[in-house]
1. Does residue 120 satisfy the condition of being under 23 Å from residue 149 (Cβ atoms), under 18 Å from the mean Cα position of the chain (by Cα) and crowded, with 19+ Cβ neighbours inside 10 Å?
2. Within the stretch 87-103, is even one residue modelled with pLDDT of 95 or more, crowded, with 20+ Cβ neighbours inside 10 Å and under 24 Å from residue 33 (Cβ atoms)?
3. Whether any residue in the stretch 133-148 is in a helix (DSSP H, G or I) and either touching a strand residue (DSSP E or B) at 6+ places or on another chain (Cβ under 6 Å) or modelled with pLDDT under 95 (or both) is what I want to check.
4. What about residue 164, is it exposed (fewer than 14 other Cβ atoms within 10 Å of the Cβ) and assigned to a helix (DSSP H, G or I)?
5. Need the failing condition index for residue 159 against (1) assigned to a helix (DSSP H, G or I); (2) surrounded by fewer than 20 Cβ atoms within 10 Å (Cβ to Cβ), just the number.
C-alpha cells in the first residue's frame, strides 16, 4: 500500500510540474481573454468612480503626506503607461516625460478623467497587440525575470489595489460607488 501511495504522489507532482508549462503555451489566448475580463471590470469601476466623485473632492486627501483623490487616479494612469513601456519595451502614445509628471501636475476632474480613460484604452491596445504572439517571453519586473504575462497580471493587480483605496476615499467623501447603488 505504501508504494502505491508514494507512486501516486510522485505521479501527481510530476504531472503538476509539467502541466503549468503546457497550459502556459496552449493557454496564451485564454490568459489574454481572462486578463481582458478582469481588466475591463476594474477599468469600468475605476472610471465610474472617478466620474461620480465631485470636482471638489479631487484635491481631498485623508491626511498630510497621503495621495489626494486626483493623485491616486493619475498614479494609476501613469502605471498603465509605465508597465508596458518599462517592462514590455513598448513605445506608447504618451512620452515618459509627460506621464511621469501627472501625479504632481494634474488635478482637475475633466483632465484627470480624460487621461485616466485614455490610459485604460492604451492598456486595451497593448493587450490587443499581444494577441498575435505568445505572452511568455522573458522580461524584467521589479528585479525579477518573468514572462510578459506577469506584467499584465501586475498591472491589473496594481489597479485593483488603488481601486480599493479609491472606494475608501469615495466613502469618506459620502460618495457611494455607482455599482453599489
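The values are calculated or read from the model by the stated rules, or taken from the named source; none is laboratory data. Only a predicted model underlies this, so the values are computations on that prediction, with no experimental measurement involved. Counting neighbours? That spans all protein chains shown, and the Cβs are built from the backbone with ideal geometry, glycine included.
1. Working: under 23 Å from residue 149 (Cβ atoms): yes; under 18 Å from the mean Cα position of the chain (by Cα): yes; crowded, with 19+ Cβ neighbours inside 10 Å: yes.
Yes; evaluated as a whole, the condition is true for this residue.
2. no
3. Yes.
4. Yes.
5. (2)
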